[in-house]
Amino acid sequence: MILVRNLFLCFVMALVCLSCSEKQDFSQYNDLTITPTFETSIFYVKTQESIINRVSGISFFSQDFNFDAFEEEVFAERVLEGSITYELENTTSKDIQISIEFLNENGDVLDSEFFQMDAAPTALLTRVVAYGGADKSLDILRNTTQIRLSARNLGDNTSTSSLPDPAIVLSSSAKFMVRVK
């Protein structure tokens with residue numbers, strides 16, 4: 001029995017040594033391209049109609065937000081393209097105008113987006129702005145340090161929507177494709 005087992009092991013070892021196998025090629029790593037897509041929220045602002053009615057004048061909201069997305073050079077240098085998606089909903093009785101400005105460290109406006117929306121009932125407004133390639137330059141975002149958001153009431157300060165919890169909601173998110181390797 002031991003002799004049969006030893007003969008079998010020798011036979012198997014001989015087959016393994018004499019078997020045909022290709023030399024493994026691990027150079028595919030050099031040809032590998034990794035480009036994941038990262039997604040994040042930028043801002044979310046909700047203002048009730050009751051607050052808009054209390055503000056005198058037409059500008060009811062203005063605020064600057066820090067924008068540090070491209071602060072790290074490693075990320076800024078590897079971004080290939082991206083997009084920012086804006087969603088605006090108006091359930092108030094007011095016509096509104098929203099402006100979003102991208103500012104550099106000196107406060108200069110690099111780019112801007114404007115939205116105008118009628119009083120409710122209106123559909124959800126969605127806008128996707130692409131950066132990189134043939135679209136807007138990625139340098140706009142690379143050089144942006146602040147985003148200024150302003151909202152204006154183009155209606156009156158007395159009317160109230162009949163919809164429940166009337167408000168203006170603006171949200172935004174970003175997707176960026178980054179070259180890792």
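Bear in mind these aren't lab numbers, they're just calculated from the coordinates by the rules spelled out. Model, not experiment: these values are computed from the prediction. In this analysis, Cβ positions are derived from the backbone assuming ideal geometry, glycine residues included, and neighbour counts consider all displayed protein chains.
Using 1/(1 + (r/R0)^6) with R0 = 22 angstrom and r between the beta carbons of residue 137 and residue 41, what's the FRET efficiency to the nearest 0.05? According to the calculation, E is roughly 0.45. The length gained by stretching the chain between residue 171 and residue 128 to full extension, at 0.36 nm per residue less their Cα-Cα distance, is 14.3 nm. List, in the order given, every pair from 94/175; 136/175; 46/136 whose Cα-Cα distance in the structure shown is over 26 Å. Violating the 26 Å Cα-Cα cut-off are 94/175; 46/136. In this rough spin-label picture, where each label sits 7 Å from Cα along the Cβ direction, the residue 75-residue 114 distance is 3.1 nm.
Residue separation of residue 50 and residue 34 scaled by 0.36 nm, minus their Cα-Cα distance, works out to 0.8 nm of gained length. Under a 5 Å amide H cut-off, with hydrogens placed 1.01 Å from N, residue 43 pairs with 172 among residues at least 5 apart or on other chains.
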